[in-house]
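Accompanying notes for the structure given below.
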Amino acid sequence: MAHHTIIYGRINGATWKAKDYYKLHRLNIEVINSLPDRDSDFPWINRSMISIPNEQGLFRDQVITFGASYKTLEYEWHWWIEKFEALLKRLFWFDATIHAEFEVIGNYKYDWLINIDQIEKWHKESPEPIIDWTFESNGPRTFENELKKN
């Protein structure tokens, strides 16, 4: 029997130097727009699942929202996290939060926080995305052990 999972959350996009405050926001938009319309590998992460507001929804912070529902994602949760983290490695951000509501296993919150020493990578003429962060959660990165119990 299939189980339902809802995933939603946000990525707090980073800002750049005063001379071009929104440069990193524009780079994030390029990355999101480069995502496929349809992902060929489950668990999917595609362009339609992510939203970035225009200037009317942007006061300093770029809030990149994410939302999707999946069938039986608990079996592939570790793969979903790896795909999400691969996306984070291409973006410029301060923190990210994902809420995962698994029909059978329960609800969990996942947080990624940049290591502050990484910010120096942004202050170059060609800024580099964050590749080092702190991961915190009240849930596991994989449900392998929980699924064996059922």
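The values are calculated or read from the model by the stated rules, or taken from the named source; none is laboratory data. For clarity, every value in this text was computed on a predicted model and none was experimentally measured. Methodologically, a virtual Cβ is constructed for each residue, glycine included, from the backbone with ideal geometry; neighbour enumeration extends over all protein chains shown.
Does Ala68 fit the bill of being at pLDDT below 95 and within 16 Å of the chain's Cα centre (by Cα)?
Against the criterion (at pLDDT below 95 and within 16 Å of the chain's Cα centre (by Cα)), Ala68 does not qualify.
Identify the single condition in (1) under 23 Å from Ala100 (Cα atoms); (2) surrounded by fewer than 17 Cβ atoms within 10 Å (Cβ to Cβ) that Ile50 does not satisfy, given that it satisfies every other one.
In the conditions (1) under 23 Å from Ala100 (Cα atoms); (2) surrounded by fewer than 17 Cβ atoms within 10 Å (Cβ to Cβ), Ile50 misses (2) alone.
Return the residues of the stretch 1-53 that are under 17 Å from Trp93 (Cβ atoms), among the hydroxyl-bearing types (Ser, Thr, Tyr) and at pLDDT 95 or above; say none if nothing qualifies.
Tyr8, Ser34, Ser51
Considering Phe66, Phe102, which residue is of a type outside the set (Gly, Ala, Ser), more than 20 Å from Ala18 (Cα to Cα) and in contact with a Leu (Cβ under 8 Å, 6 or more places away or on another chain)?
Working: Phe66 fails: in contact with a Leu (Cβ under 8 Å, 6 or more places away or on another chain).
Going through Phe66, Phe102 in turn, just one is of a type outside the set (Gly, Ala, Ser), more than 20 Å from Ala18 (Cα to Cα) and in contact with a Leu (Cβ under 8 Å, 6 or more places away or on another chain): Phe102.
For the stretch 86-104, does any single residue satisfy the condition of being surrounded by 15 or more Cβ atoms within 10 Å (Cβ to Cβ), in a helix (DSSP H, G or I), of a type in the set (A, V, I, L, M, F, W, C) and modelled with pLDDT of 90 or more?
yes
Give Lys71, Lys83, Lys89, Lys121 a once-over and let me know the one that is among the basic types (Lys, Arg) and touching a His at 6+ places or on another chain (Cβ under 8 Å). Spell out the reasoning first.
Numbers: Lys83 fails: touching a His at 6+ places or on another chain (Cβ under 8 Å); Lys89 fails: touching a His at 6+ places or on another chain (Cβ under 8 Å); Lys121 fails: touching a His at 6+ places or on another chain (Cβ under 8 Å).
After ruling out the rest, the residue left standing is Lys71.
Looking at the stretch 18-77, which of its residues are part of a loop (DSSP other than H, G, I, E, B) and either touching a Phe, Trp or Tyr at 6+ places or on another chain (Cβ under 6 Å) or of a type in the set (Lys, Arg) (or both)?
Going through the stretch 18-77, the residues part of a loop (DSSP other than H, G, I, E, B) turn out to be 21-22, 34-46, 52-54, 58, 60, 72, 76.
Matches in the stretch 18-77: Arg38, Pro43, Arg60.
Take the stretch 38-56 and flag every residue that is closer than 19 Å to Trp16 by Cβ and more than 14 Å from the chain's Cα centre (by Cα).
Pro53, Asn54, Glu55
For the condition at negative phi and without any contact (Cβ under 8 Å) to a residue 12 or more places away in the chain, what is the one hit in Ile105, Ile116, Ile131? Quick ask: steps written out before the conclusion?
On the way: Ile105 fails: without any contact (Cβ under 8 Å) to a residue 12 or more places away in the chain; Ile131 fails: without any contact (Cβ under 8 Å) to a residue 12 or more places away in the chain.
The unique qualifying residue is Ile116.
For the stretch 7-37, which positions are over 16 Å from the mean Cα position of the chain (by Cα) and more than 26 Å from His99 (Cβ to Cβ)?
Hits for the stretch 7-37 are Trp16, Lys17, Ala18, Lys19, Asp20, Tyr21, Tyr22, Lys23, Arg26.
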